[in-house]
Amino acid sequence: MPRTRYAPSSRTESHLPPASLPTEALEQLALPFSEFIAAFFGVLEATGVRCCVLRNYQEFPARNIGNDIDLLIAPTALPSAVHALRSIPGVRIVGYTQRPYVSNFFLEGISQNTDSCALEIDLDLRLIWKGLPYLSVEEVLEAAVAHPVGDATFYAPAPVHEAIISLFSSLLVGGWLKEKYFPQVRETFSECRTEVIAALLPRFGSEVATRLADAVISGDRSRILGMIGPLRRALLLCSLRRHPLRSIGAIFHHYTSELCFRHSPQSREAVSILALDARDRTPITQTLLPRLQSFATKIESEAAETTAQTGFGSAASLLRWMMRDWLSLLTERKSLTLTVREGCGPLFRDAAGQPDSPAWLARLAGRLTPAHDLCILLQEGAEENPAASSSRHEACRAFLQTRKRSVVLDTSQPVETVTEGAYAAIVDALVQRAEKRLKKRFP
């Protein structure tokens with residue numbers, strides 16, 4: 001297959017594979033989920049990291065019945081756990097975010113019988129609400145139950161702890177009841193009512209713990225949802241009585257860290273897919289988005305309005321295009337987001353569809369808009385109008401020279417080939433971004 005063609009820019013980095021591979025070939029090269037699980041838990045066990053899988057482990061190692069894997073580890077074990085993830089051959093980290101209570105990792109190269117070869121792993125460091133712990137991590141890890149996975153072993157929480165965590169991850173933290181886990185939670189509460197109350201009592205008090213247990217056992221959803229306020233108030237008051245200064249500091253640290261995380265550029269990864277012809281962009285984007293699932297917490301596509309849609313001239317449309325880019329960057333996001341930014345009509349065409357933007361204007365637009373992690377330009381290798389081709393290519397080159405990383409793909413090739421080239425470029429850019437952040441955090 002033909003090689004991916006790069007933009008003629010001095011700032012473009014050439015790290016793509018020498019050839020694109022079809023989807024079936026990539027899936028064959030990906031590590032099967034069962035082998036990944038066995039290897040990962042084997043490395044964790046060898047390095048002495050104690051962890052437990054919080055939920056959705058019932059069909060390990062054959063398959064993962066959840067959307068991700070939630071592992072509980074002690075905060076001091078985080079560097080060793082990250083080393084274990086990075087040591088598995090064929091698996092690459094394409095995304096990483098860090099909060100005080102959880103580290104999110106997005107891995108590429110794992111086959112799960114889906115369109116995507118990616119998997120999210122969340123390393124939970126604390127079991128908290130607004131910085132206040134509702135269960136002790138040490139207690140959960142000490143009581144964890146062993147499960148064999150091939151030559152390795154993984155651990156799951158004791159039934160009482162698992163039920164409380166499954167319930168509180170939505171009820172206490174999010175303010176809603178997750179029906180997927182409720183039948184198992186209710187069964188455990190019914191069978192182990194005394195143990196459940198004993199586990200909740202230190203941080204919620206006897207009255208609230210008993211009321212919650214009885215509400216869950218009864219299966220009355222309205223009663224359970226009515227416990228959200230009493231649970232949060234009881235946890236707050238008990239924490240302040242036991243450790244007033246520590247609790248106030250934990251709450252303050254929680255809100256400040258969340259504010260910084262939600263508005264930090266590190267929580268957003270942006271890829272621009274620009275095309276001189278919208279017909280080139282649409283099929284490629286539609287094929288890419290499903291394969292990018294599990295590359296981030298949220299995958300979104302933003303289609304820029306063209307000048308034909310807005311009816312403005314080149315300068316007005318370009319200004320509107322730039323403003324949308326900045327607004328997209330500044331929008332609040334709750335977790336890691338991969339944004340596929342589409343369209344470049346205002347950059348290189350006027351309302352009549354003719355090349356209108358001079359090179360200096362395209363260069364200025366590039367310097368005044370946020371620098372995305374990757375810019376992919378889709379264009380056909382030959383143009384019918386040599387004059388238009390020269391003008392348009394000059395504007396394209398001027399814009400791409402302002403990008404940190406850019407790739408040009410020839411749309412005269414089959415759609416599958418172009419899509420694989422775009423996928424390889426995105427993976428490579430995200431891997432380098434994640435590796436750079438990981439080296440700073442875990443040298």
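Shape of segment 205-260 from its Cα gyration tensor (a ≥ b ≥ c, root eigenvalues): rounded if a/c is under 1.5, otherwise prolate when a/b > b/c, or oblate?
The shape class here is oblate.
Structure shown: which of Lys298/Lys404; Lys130/Lys436; Lys178/Lys439; Lys130/Lys178; Lys178/Lys440 lie over 25 Å apart, alpha-carbon to alpha-carbon?
In this structure, Lys130/Lys436; Lys178/Lys439; Lys178/Lys440 exceed 25 Å between Cα atoms.
Extension gain Leu245-Gln293, at 0.36 nm per residue separation less the Cα-Cα distance, in nm?
Between Leu245 and Gln293, full extension yields 13.1 nm more.
Classify segment 27-261 as rounded, prolate or oblate from the Cα gyration tensor: take a ≥ b ≥ c as the square roots of its eigenvalues, call it rounded if a/c is under 1.5, otherwise prolate when a/b beats b/c and oblate if not. Could the numbers behind the result be given before it?
Numbers: a/c = 1.98, a/b = 1.55, b/c = 1.28.
Prolate shape, in that a/c is at least 1.5 and a/b is the bigger ratio.
Rounded to the nearest 0.05, what FRET efficiency do Lys178 and Arg50 give with R0 = 30 Å and r taken as the Cβ-Cβ distance? Could you check? Each step should come with its number before you reach the end.
Values: r = 26 Å, r/R0 = 0.88.
About 0.70, to the nearest 0.05.
Any idea what the dipole of segment 27-261 comes to, in debye rounded to 20, about its Cα centre with Lys/Arg Cβ at +1 and Asp/Glu Cβ at -1?
1080
Kindly identify segment 78-155 as rounded, prolate or oblate by the Cα gyration tensor criterion: order the square roots of the eigenvalues as a ≥ b ≥ c, call it rounded if a/c is under 1.5, otherwise compare a/b with b/c, prolate if a/b is larger, else oblate.
Note, shape of segment 78-155 comes out oblate.
Which order do the peptides 418-426, 46-54 come out in when sorted by mean C-beta neighbours inside 10 angstrom, highest first?
Details: 418-426: 23.6, 46-54: 18.1.
Going from most to least packed, we get 418-426, 46-54.
What GluC sites (Glu not before Pro) does segment 38-137 have in DSSP loop regions with at most 16 other beta carbons within 10 Å?
Here the sparse-neighbourhood loop sites are Glu59.
When ranked by the protection proxy of mean other Cβ atoms within 10 Å per residue, highest first, what sequence do the peptides 289-301, 429-441 form?
Packing proxy ranking, top to bottom: 289-301, 429-441.
Work out the length of the dipole vector of segment 389-443 about its Cα centre, built from +1 on the beta-carbon of each Lys and Arg and -1 on the beta-carbon of each Asp and Glu, and round it to the nearest 20 debye.
660
Which one, Val140, Leu200, Leu54, is farthest towards the positive end of the dipole of segment 27-261 when Lys and Arg carry +1 and Asp and Glu -1 on their Cβ?
Leu200
Each value in this text was obtained by applying a stated rule to the coordinates, not by laboratory testing. Remember, predicted model here, so these are calculated numbers, not experimental data. When we count neighbours, we look across all protein chains shown, and the Cβ atoms used for this are built from the backbone with ideal geometry, even at glycine.
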